[in-house]
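Enquirer: Here it is, the structure in full.
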Amino acid sequence: MSKKFADSGRIAPSDITPHRQYLSRRTLLAGGIGLVAAQGLAGVTRRASAQSAGALAFTHNAAFSVTEQPNTYTDITTYNNYYEFGTDKSDPSENAQNFHTRPWNVTIGGEAELTGTFNLEDILKPHPLEERVYRLRCVEAWSMVIPWIGFPLGDLLKRFKPTSKAKFVEFKTLYDPKQMPGQRARVLEWPYVEGLRMDEAMHPLALMAVGLYGKVLPNQNGAPLRLIVPWKYGFKGIKSIVSIKFTERAPRTTWAGSAANEYGFFANVNPEVDHPRWSQATERHIGANAFGPRRPTLPFNGYAAQVAGLYSGMDLRKYY
Ligand SMILES: Nc1nc2c(c(=O)[nH]1)N[C@H]1C(S)=C(S)[C@@H](COP(=O)(O)O)O[C@H]1N2
Ligand SMILES: [Mo]
């Protein structure tokens, strides 16, 4: 799989990050170094991680990572969409600093044998953490490459034994206008809601993220728990999740519900289906070369080989 992911190889020389040590480790792994050496390096990561605050223990998943250079930690943590903390890209990093992510509960409901409210530690406990470097393509036609830390969403969902009626999964963000100043304005319907079809949710690329760049998620990136669906536009990646519900019908999601002509339920990255107000054929890559040439947008954000089969027989212009 890494070979296919590597095919676009779009590393701009200007995309240099300050995380040199981190990257050299990744480059070695991406370069196909032997398994023993890779495990040795993962061990080094773990030992080193105990020393710095917020560091996580994880193993790098090269097979599920692109080999493009990740954006810098600064880009990833200061250029954000998180409307609960303001609509400017710099607002979340400024306004989310005091957001409380502990204690944190997640309610599991709907069509499953096991439902209820669980504390975050119990949600996370059984899941070993992986690092996966994924492309992120925002519906606003910009992109980044982000080294997430997380675990497969499907592994979490299976634990609650969804019934045969569970055809979709709905996710909700915390609603707490006291802590989230953006929720005091009606820029969106609150709380933020997203959803996936069950087979999409069970796809091994769908990730529950708890960290990035080897450390616990910064609040502005959706701490303590957020969704990443790399073949879809970024808005599907709902942040700070407090509710997961198995449903029979497609949930009404925030963006598709409020502007159905602009944002679809599926929201698969598709260079051939434009947003009514702009083209989706190309993207601006955030980083040192952000105002250099635009890059072509890839079908399913470069993950077509892995996920196109989920949509065989569907008219992707109709189900956008
Ligand atoms: N709750 C919530 N989740 C959200 C958003 C939001 O405004 N609120 N913005 C979405 C959009 S449009 C994008 S592109 C990604 C951005 O994630 P990042 O800031 O970690 O890059 O988060 C998504 N998740
Ligand atoms: Mo986005």
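Enquirer: Tell me, please, whether a residue that is closer than 24 Å to Glu170 by Cβ and open to solvent by 70 Å² or more (accessible area, probe 1.4 Å) can be found in the stretch 286-308.
Expert: No.
Enquirer: Any residue at all in the stretch 198-210 that is within 16 Å of ligand 2 (Cβ to nearest atom), modelled with pLDDT of 95 or more and closer than 30 Å to Leu56 by Cα?
Expert: yes
Enquirer: Only one of these is open to solvent by 10 Å² or more (accessible area, probe 1.4 Å), β-branched (Val, Ile, Thr) and either under 28 Å from Thr163 (Cα atoms) or within 16 Å of ligand 2 (Cβ to nearest atom) (or both): Thr247, Thr253. Name it.
Expert: Just a single option satisfies the conditions, and that option is Thr247.
Enquirer: In the stretch 114-172, how many residues are among the acidic types (Asp, Glu), open to solvent by 20 Å² or more (accessible area, probe 1.4 Å) and away from ligand 1 (no atom under 14 Å from the Cβ)?
Expert: Going through the stretch 114-172 one residue at a time, the tally reaches 4.
Enquirer: Next question, about the same structure. Taking the criterion of being open to solvent by less than 10 Å² (accessible area, probe 1.4 Å) and among the acidic types (Asp, Glu), would at least one residue in the stretch 86-108 satisfy it?
Expert: The answer is no; no qualifying residue exists.
Enquirer: Which residue pairs have Cβ atoms under 7 Å apart, sit 6 or more places apart or on different chains, and have a first residue in the stretch 66-91 that is among the acidic types (Asp, Glu) and a second that is not in a loop (DSSP other than H, G, I, E, B)?
Expert: Listed by first residue and then by second, the contacts come to Glu68/Val145; Asp75/Met144; Glu84/Thr173; Glu84/Gly182; Glu84/Gln183; Asp91/Phe85.
Enquirer: Does Leu225 meet the test of being aliphatic (A, V, I, L, M), closer than 28 Å to Thr163 by Cα and open to solvent by less than 20 Å² (accessible area, probe 1.4 Å)?
Expert: Considered against the rule, which asks whether it is aliphatic (A, V, I, L, M), closer than 28 Å to Thr163 by Cα and open to solvent by less than 20 Å² (accessible area, probe 1.4 Å), Leu225 comes out as yes.
Enquirer: Looking only at the stretch 161-180, which residues are of a type outside the set (S, T, N, Q) and either within 23 Å of the chain's Cα centre (by Cα) or assigned to a strand (DSSP E or B) (or both)?
Expert: Of everything in the stretch 161-180, those that are of a type outside the set (S, T, N, Q) and either within 23 Å of the chain's Cα centre (by Cα) or assigned to a strand (DSSP E or B) (or both) turn out to be Pro162, Ala166, Lys167, Phe168, Val169, Glu170, Phe171, Lys172, Leu174, Tyr175, Asp176, Met180.
Enquirer: Could you check the stretch 51-80 and list, in sequence order, the residues that are open to solvent by 50 Å² or more (accessible area, probe 1.4 Å) and within 16 Å of ligand 1 (Cβ to nearest atom)?
Expert: Tyr73, Thr74, Thr78, Tyr79
Enquirer: Moving to a separate point now. For the stretch 233-249: of the residues being of a type in the set (Lys, Arg) and near ligand 1 (Cβ under 10 Å from one of its atoms), which is nearest to Ala201 (Cα to Cα)?
Expert: Lys236
Enquirer: Here is a follow-up. Taking the residues in the stretch 183-222 that are open to solvent by 30 Å² or more (accessible area, probe 1.4 Å) and β-branched (Val, Ile, Thr) as candidates, determine which candidate is farthest from the chain's Cα centre (by Cα).
Expert: The residue in question is Val187.
Enquirer: In the stretch 182-220, how many are outside any strand (DSSP E or B) and within 13 Å of ligand 1 (Cβ to nearest atom)?
Expert: Looking only at that region, the number is 14.
The values are calculated or read from the model by the stated rules, or taken from the named source; none is laboratory data. As the structure is a computational prediction, the values presented were derived from the model and not from experiment. Don't worry about glycine lacking a Cβ; one is built from the backbone with ideal geometry, like all the others, and counts go over all protein chains shown. The area values use the complete protein model at the heavy-atom level, side chains included, leaving out ligands, DNA and RNA. Shrake-Rupley method; radii C 1.70, N 1.55, O 1.52, S 1.80 Å.
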